[in-house]
1. From (1) under 24 Å from Tyr51 (Cβ atoms); (2) in contact with a helix residue (DSSP H, G or I) (Cβ under 8 Å, 6 or more places away or on another chain), pick out the condition that doesn't hold for Trp135.
2. What residue, among those in segment 14-65 that are among the hydroxyl-bearing types (Ser, Thr, Tyr), surrounded by 13 or more Cβ atoms within 10 Å (Cβ to Cβ) and touching a strand residue (DSSP E or B) at 6+ places or on another chain (Cβ under 7 Å), is modelled with the lowest pLDDT?
3. Could you list, in sequence order, all residues of segment 107-152 that are closer than 17 Å to Ala176 by Cβ, under 22 Å from the mean Cα position of the chain (by Cα), acidic (Asp, Glu) and surrounded by fewer than 17 Cβ atoms within 10 Å (Cβ to Cβ)?
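The values are calculated or read from the model by the stated rules, or taken from the named source; none is laboratory data. The model shown is predicted, which means the values in this text are computed figures rather than measured ones. Note: ideal-geometry Cβ built from the backbone for every residue, glycine included; neighbour counts use all protein chains shown.
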Amino acid sequence: MKYRIKEDSTFHLAIVVLLSLIVTACSHTVQVEGNYPAPVGHQFPLSVGIYLSEDFKNYTYQEDSEDREEWKINTGRAQENLFETVLGSMFINTISLSEYPKDVPANVELVIVPEVRELQFTMPRETRVNIFEVWIKYDMNAYDSQGNQVASWVITAYGKTPTAFLQSQEQALTQAINIALRDAGATLYTGFEKVPELQAFLSGKVRSASLQEFKVKSPQAE
């Protein structure tokens with residue numbers, strides 16, 4: 001009888017180990033790292049605060065649907081690097097804010113707050129094409145120095161990569177995400193002044209600066 005109990009315990013342990021191995025084999029973890037080049041070009045004449053929340057800096061997407069393997073994808077550090085790099089090159093002065101709306105420096109004219117709306121991806125077996133595809137959507141929010149919302153717009157980014165020359169699915173998906181993040185950075189840079197509310201805000205700042213310059217020069221002209 002004692003032998004029977006030991007035999008059952010060994011069998012149950014083997015089942016637990018086997019199930020653990022199956023779960024591990026069907027789960028994937030992706031930690032996206034990335035360094036992104038700063039765009040070179042015209043800088044907007046603004047002093048801007050950048051607030052990246054803890055949720056944004058630690059963003060992790062988890063896929064646990066019944067018809068897919070389990071995926072855990074962390075893009076937080078990569079997108080933090082991206083937004084700090086791109087926004088840091090777009091304005092004459094940028095300040096990283098540890099809190100918002102508290103403790104905003106007096107010289108900050110605009111505060112930009114990005115948020116991840118969603119991340120989606122497709123795998124080769126789903127599309128019957130040997131590529132991974134990734135879509136990332138960001139909600140962008142801009143506030144003036146008083147905390148009033150100036151603008152709200154959406155950035156949609158896309159990336160894809162073939163799996164043929166990569167060693168694993170994780171590598172392929174990581175590369176596709178990095179391509180999507182670069183696309184997000186390019187869209188942010190080229191699309192900023194196309195947002196109507198931001199156009200109006202920038203025009204108002206330019207007019208105000210021109211008027212101030214005129215007032216300073218006028219007494220000298222006299």
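1. Status for Trp135: all satisfied but (1).
2. If we filter segment 14-65 for residues that are among the hydroxyl-bearing types (Ser, Thr, Tyr), which is where we start, we get 20, 24, 27, 29, 36, 47, 51, 53, 59-61, 65.
Subsequent filtering for residues that are surrounded by 13 or more Cβ atoms within 10 Å (Cβ to Cβ) retains 27, 36, 47, 51, 53, 59-61.
Within this subset, residues satisfying the condition of being touching a strand residue (DSSP E or B) at 6+ places or on another chain (Cβ under 7 Å) are 27, 47, 51, 59-61.
Numbers: Ser27: 88, Ser47: 97, Tyr51: 98, Tyr59: 98, Thr60: 97, Tyr61: 97.
Ranking the candidates gives Ser27 first.
3. Hit for segment 107-152 is Glu118, nothing else.
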